[in-house]
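Everything on this sheet refers to the single structure shown next.
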Amino acid sequence: PAFAQTTVTRSENVASGKSVRLAIVPNLKKDCTPGPMPEIRVSGAPKNGSLVTKVGKIKTPASYRCPNKEAAVQAVFYEAKAGYTGADEVVVDIKNSDGQVQTQTIKLTVGAAGTKPAGETKKEGTEL
């Protein structure tokens, strides 16, 4: 049987060189019982940054459809290359605990990380 697949496109503003969470998916089924661990697959990698997936446990927020439940989660984080500003894009396929797949296209706008005035940036490390 084919599972329903949905597609979502959204935008995020991120700071250059800072890690930001793009998605977090708990292992809870529609009826709020624990299910298999969700799967996050990167189908469109960012051109100007990197992605990291992490597994952990959280208590769902009161506003979530299954409030205040301990849940195992999988999350994906994006970090732009240091010094990069401009546009980037990530596409991830998320399979939840009920087996439904959602493709998320996340359009990223990367802004400058620091607020140092021009001319006061200090060269550090081994960058030219």
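Worth a mention:
- Amide proton proximity set for G49, modelled H, under 5 Å, gap of 5+: K81
- Taking 0.36 nm per residue of separation and subtracting the current Cα-Cα distance, fully stretching the chain between R65 and T109 would add 12.9 nm.
- Positive minus negative residues near E70 (Lys, Arg vs Asp, Glu; Cβ under 12 Å): +3
- Directionally averaged shadow of segment 10-59, computed from the convex hull of its alpha-carbon atoms, nm²: 4.9
- J(HN,Hα) series, segment 73-82, from Karplus relation 6.51 cos²θ - 1.76 cosθ + 1.60, nearest Hz, glycine and proline x: 9, 10, 9, 10, 10, 10, 9, 6, 4, 4
- Residues with amide H under 5 Å from that of K18, placed H, sequence gap 5 or more: A80
- Residue by residue, segment 94-104 carries 3J(HN,Hα) couplings of 10, 9, 7, 5, 8, x, 7, 10, 10, 9, 10 Hz when phi is fed to the Karplus relation 6.51 cos²θ - 1.76 cosθ + 1.60 (θ = phi - 60°); x denotes Gly or Pro.
- Over segment 1-90, relative contact order from alpha-carbon pairs under 8 Å, at least 6 apart, %: 38
- Karplus-based coupling profile of segment 10-20, in residue order and whole Hz: 8, 10, 9, 9, 9, 8, 4, x, 10, 7, 9, with θ = phi - 60° in 6.51 cos²θ - 1.76 cosθ + 1.60 and x standing for Gly or Pro.
Just so you know, all these numbers are worked out from the coordinates, no wet-lab data involved. Only a predicted model underlies this, so the values are computations on that prediction, with no experimental measurement involved. A quick note on method: Cβ atoms are made from the backbone with ideal geometry, for glycine too, and the neighbour counts reach across all protein chains shown.
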